[in-house]
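Worksheet: one structure, shown below.
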Amino acid sequence: MSLKDNLINKLETQIDAWDKELDAEKAKAEKKEAQAEAEKSDTRLKEEMMDNVRSLQANINEAKKKIQEIREAGEDRIDDFKAQIRDWLK
């Protein structure tokens with residue numbers, strides 16, 4: 001497997017993990033929202049949960065863009081991507 005394929009695989013795996021986390025966060029947010037409405041909690045809790053959802057969605061979108069960049073990049077840029085992705089996934 002080439003380094004390019006390896007980087008794409010790592011990002012796709014991370015996207016899958018984030019997708020699962022996103023689904024879990026959405027479910028938690030919906031549950032908390034229902035609880036908040038029932039208990040008339042303040043909106044700060046809902047905003048915090050939605051911030052988590054938005055953050056995860058942004059990570060997924062960024063990773064998908066990076067995959068496209070990697071696919072379009074020449075082999076001479078792969079080491080740059082490797083370093084960026086390593087730092088990003090820490």
Exercise. Using θ = phi - 60° and the Karplus relation 6.51 cos²θ - 1.76 cosθ + 1.60, list the HN-Hα couplings for segment 12-25 in order, rounded to whole Hz, with x at every Gly or Pro.
Key: 5, 5, 5, 4, 4, 5, 5, 4, 5, 5, 4, 4, 5, 5
Quiz item: Summing -39500 (n - 2.57) over the DSSP H runs of n ≥ 4 in the chain and dividing by its residue number, what mean residue ellipticity at 222 nm do you reach, to the nearest 500 deg cm²/dmol?
Solution: -31000 deg cm²/dmol
Quiz item: From the list (i) 3, 14, 20, 17, 12, 10, 8, 7, 5, 3, 1, 0; (ii) 3, 13, 21, 23, 14, 9, 7, 5, 3, 2, 0; (iii) 3, 12, 19, 16, 11, 8, 6, 4, 4, 5, 4, 4, 3, 1, 0, can you say which value of P(r) over Cα pairs in 5 Å bins from 0, in percent was derived from the structure given?
Solution: (i)
Quiz item: How high is the relative contact order of segment 3-88, given as a whole-number percent (alpha carbon pairs under 8 Å, six or more residues apart)?
Solution: 45
Quiz item: Could you give the angle, 0 to 90 degrees to the nearest 10, between helix 43-72's Cα long axis and the longest principal axis of the Cα atoms of the chain?
Solution: 10
Practice problem: Using Cα centres only, tell me the gap between segment 74-90 and segment 1-64 in whole Å. | Solution: 23
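Every number in this text was worked out from the coordinates using simple rules, so none of it is lab data. The model shown is predicted, which means the values in this text are computed figures rather than measured ones.
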